[in-house]
Every structure is written in structure tokens, then in C-alpha cells.
Amino acid sequence: MSYEDWYRQDRLPHIFCAGCGNGTIINCTLAAIEQMDWKKEETVFVSGIGCSSRAPGYILTDSLHTTHGRAIAFATGVKMANPDLHVVVFTGDGDMAAIGGNHFIHACRRNIDLTVICMNNQIYGMTGGQGSPTTPKGCLSSTTPFGCAETPFDLCELATAAGANYVSRWTSYHVKELEKAVKVGLETPGFSFIEALTQCPTAFGRRNKFRQVSDHVEYLRSHSLLKAKRDRMLENHEQIPEDMYIVGEITRRKRPAMGVKP
Amino acid sequence: MKLAIDETRCKGCNLCTKVCPYKIFKEGKRLNRKGVALPELDRPERCANCRLQKLYGRQLCGVCQLTCPDQAIHWIEEEPYELHKVAIEY
Ligand SMILES: Cc1ncc(C[n+]2csc(CCOP(=O)(O)OP(=O)(O)O)c2C)c(N)n1
Ligand code: SF4
Ligand code: SF4
Ligand code: SF4
Ligand SMILES: [Mg+2]
């Protein structure tokens, strides 16, 4: 058995653009799920709308490809109706943090037993590259032609503040770490949130001076700062560079959770 | 085990050429029928998984496979299993 057995081989190759990081994140998620001893009949993938949200369509289990922003709302329904099911949500930054922002924070508050994997490409990829709530300051998109002037969300801080039991962030470069983080998320009762920063060469990279796909992946690598190192720097009163992404396990705790199998 | 790229899936993003610690994947130059320049394999028998999968009885490394966004990298059985003399530079 290998994680490849979770793919609907007849549906591959998928429609993602060449070099799109979504495929990498699905690989890492399925590799984590493969280690869980879960039956395919007991596992459900739920997503909203967006390129990232097409992921469940390539997986063999039952799945729900729902309406824009509502993946977590549908997943809440599935989990509460049948807590025996393992429910995993694939979502995008636009899907989860813009139109679905309220569903997200309230699922964190309820601490419902879901694992949510957000493919954060910092853009609305599917609809042609509009800015999203996670588009970094200064970045170009079709709705921020002079550079984004707004401060982006830190999705992990948001999930932590709202009450999620497990929160971590990695990138499409850190495949092994991402796989491990998803596995911990799957094992943790309550709401688990894994943010995977990823490249969208078509809508984001093209506009933001990443000529090659690997340039963007290299940027993600070189602009990742391990949480442990960040904490040490804070202790030593060192300045944390503003353009760094904090990666690693951000939160792990045992708040009361909903929907956990008794 | 033998490393292989599925020509029907690879979209030529070249991410595999960046992640392999042995630099087994090299940027390809010739376009195939789909207009994709498939990466070329430079002495793939050096791959940790090719050499040691049988011995350890589990997947080793696998970073290229996890990274490949198009599920194009896999290993095929060699029948009969061929022994390779492998030189690895550190
Ligand atoms: C109610 C509604 N509003 C707007 C849209 C148009 N729409 C489709 S996908 C999308 C954004 C998707 O962005 P994200 O979730 O980041 O996914 P990505 O394509 O980047 O993976 C939008 C605004 C829609 N389908 N439904
Ligand atoms: S538009 Fe961006 S997110 Fe969508 S498939 Fe293409 S690269 Fe991926
Ligand atoms: S990472 Fe995969 S899709 Fe990209 S060039 Fe290598 S084999 Fe092809
Ligand atoms: S499994 Fe590891 S060593 Fe083998 S080709 Fe892939 S990245 Fe290289
Ligand atoms: Mg997006």
C-alpha cells in the first residue's frame, strides 16, 4: 500500500497548471492519511470552490465539492451527523479566509473535530488572480495593480485566537514536515488547522517576478523561519524580519472539543 | 527498484530537479508529443529508494515523489532484480 492508492488514477493528470503547488499538498495529505489505518469508506473529503477545492475530486473516497466558502459548514454537518467519519477539508485562502471567514472562526471556536488544510497561494487563482485576504503587502494582483496596500491575515494566529486545538504552518517546499504536521492534525481531537503556503505560477508568480516555478518555491524556503528559532530570537530581543513566514507547530492544546467519537 | 517518470502526467515544471539530494533529475531539452520537456535521469540507480527499498522493506526518501505536483514520479520493479554497482559522491 502507498498513498498513491488513494488517488482516482483514472482522473489523473489533474487540471492544475504546470508547477501548481496544490498537487504537492494533496500528496503530503494522502501520505499522512495512508499512515492512519483509516478505511476509505470512513473518510470524507470536503471542499469549497477554487482551484485548491478541486482536490477531493481526485481522491477515491466519498467527497463533497460544495459552494464557495462553505466547505467547513458542510464538513461540520457531516461530522455532527456521523461522528464515526473522518472528515478532512481542503480549502483555499480565498475560500476559507474571505467568503468563508466566519465559518472558519466559528469552527475553531466550537473546536469541532475536523482537519482543515488550507492551500494558501495568497491569491484567487481560479478566477484570474484577484487579491485575497492573505496577499502580502506590495504584491501585484489583478485587483491590486499598484501593489497590495492592506495588511494580510495571519491565518495561524487567527485559528489560534479563535480556539483551534492544533495549528501549524509549512510550505510546499517542506514536504516531509507538512506530511508530519497533517498526520498530527489528523490524530488530534478537535479542530486541526494546517496552513500550506504554496505557489500559483499562473496567477501569482507570473505577476510577482517569479519567472520559474522553482524561484517561488525557493522564496518560500528562504523566507521560512522555524517557530522555535523565532521564539529564541524574541527571547534575545532580536528583530524578526517582517517578510518571514513562521513555520512549524504554532499551537497544540486540549480545549474541549465537539464531534469527537466517544 | 527503478525510478521512472510517467510521460502522460509530467508537465515539465522541473521542481524535481531542485529537490533531489543526488541531483538525479536534470532539466530536459527535447519536447515530447505533448510539448513537455521531460526531465532526464542522471544515473537514477543512485537514488536512495532504488538502492535500499528492498533492504529496509519501506519507502526511503521519496522527496521527489511527494514534491511532484503531477504524481508523475514512481518506482517500478525490475524483473529479474538487477544488481547495480553504484558510485555515490558525497
Ligand atoms: C458565491 C461565490 N462568489 C464568488 C465566486 C467566484 N469564485 C470562484 S473561486 C473564487 C476564489 C478562489 O480563491 P481560493 O479559495 O484562494 O482558491 P484558489 O483558486 O486560489 O486555489 C471565487 C471568488 C463563486 N464561485 N461563488
Ligand atoms: S491558477 Fe494557480 S492555483 Fe489554479 S491551478 Fe493554476 S497555478 Fe494552480
Ligand atoms: S516534478 Fe513531476 S511534473 Fe514536474 S518536471 Fe518533475 S516529474 Fe515532471
Ligand atoms: S527518492 Fe530521494 S534520492 Fe531518490 S530520486 Fe527522489 S529525491 Fe532523489
Ligand atoms: Mg488561493
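Quick check on segment A:2-14: of everything there that is open to solvent by 60 Å² or more (accessible area, probe 1.4 Å) and touching a helix residue (DSSP H, G or I) at 6+ places or on another chain (Cβ under 7 Å), which residue is nearest to A:Glu187 (Cα to Cα)?
A:Arg8
Tell me which residues, restricted to segment A:30-49, are open to solvent by less than 10 Å² (accessible area, probe 1.4 Å) and in contact with a strand residue (DSSP E or B) (Cβ under 6 Å, 6 or more places away or on another chain).
Scanning segment A:30-49 gives A:Thr43, A:Phe45, A:Val46, A:Ser47, A:Gly48.
Return the residue satisfying two criteria in turn: it lies in segment B:34-43 and is in a loop (DSSP other than H, G, I, E, B), in contact with a strand residue (DSSP E or B) (Cβ under 9 Å, 6 or more places away or on another chain) and under 17 Å from B:Gln71 (Cα atoms), and of such residues it is most open to solvent (accessible area, probe 1.4 Å).
Filtering first and then ranking leaves B:Leu38.
In this structure, is B:Glu89 in a helix (DSSP H, G or I), open to solvent by 40 Å² or more (accessible area, probe 1.4 Å) and more than 21 Å from A:Gly23 (Cα to Cα)?
So B:Glu89 fails the test.
Looking only at segment A:219-236, which residues are over 14 Å from A:Gln199 (Cβ atoms) and open to solvent by 60 Å² or more (accessible area, probe 1.4 Å)?
Correct list: A:Leu226, A:Ala228, A:Lys229, A:Arg232, A:Leu234, A:Glu235, A:Asn236.
When you scan segment A:141-150, do you find a residue that is open to solvent by less than 10 Å² (accessible area, probe 1.4 Å) and at pLDDT 95 or above, even just one?
So far as segment A:141-150 goes, yes, one or more of its residues are open to solvent by less than 10 Å² (accessible area, probe 1.4 Å) and at pLDDT 95 or above.
Which residues, taken from segment A:197-218, are within 12 Å of another protein chain (Cβ to nearest Cβ) and within 13 Å of ligand 2 (Cβ to nearest atom)?
A:Thr198, A:Gln199, A:Cys200, A:Pro201, A:Thr202, A:Gly205, A:Val213, A:His216, A:Val217
Inside segment B:34-58, can you point out the residues that are without any contact (Cβ under 8 Å) to a residue 12 or more places away in the chain and either more than 24 Å from A:Gly19 (Cβ to Cβ) or within 16 Å of ligand 1 (Cβ to nearest atom) (or both)?
Answer for segment B:34-58, where residues must be without any contact (Cβ under 8 Å) to a residue 12 or more places away in the chain and either more than 24 Å from A:Gly19 (Cβ to Cβ) or within 16 Å of ligand 1 (Cβ to nearest atom) (or both): B:Leu52, B:Leu55, B:Tyr56, B:Gly57, B:Arg58.
Please go through segment B:9-33 and give me each residue that is in a loop (DSSP other than H, G, I, E, B), away from ligand 4 (no atom under 11 Å from the Cβ), touching a residue at least 12 places away in the same chain (Cβ under 8 Å) and open to solvent by 60 Å² or more (accessible area, probe 1.4 Å), ordered by number.
Selection gives B:Glu27 alone.
So in segment A:98-114, with the set limited to residues that are within 23 Å of A:Gln199 (Cα to Cα) and open to solvent by 10 Å² or more (accessible area, probe 1.4 Å), which one is nearest to ligand 5 (Cβ to nearest atom)?
Filtering first and then ranking leaves A:Ala98.
Restrict the check to segment B:60-74 and report whether at least one residue is more than 13 Å from chain A (Cβ to nearest Cβ) and either closer than 24 Å to A:Ala18 by Cα or part of a loop (DSSP other than H, G, I, E, B) (or both).
No.
The values are calculated or read from the model by the stated rules, or taken from the named source; none is laboratory data. Note that this is a predicted model, so its numbers are computed, not measured. Ideal geometry is used to build each Cβ from the backbone, glycine not excepted, and the neighbour counts take in all protein chains shown. Note: areas computed on protein heavy atoms with side chains; ligands, DNA, RNA excluded. Shrake-Rupley method; radii C 1.70, N 1.55, O 1.52, S 1.80 Å.
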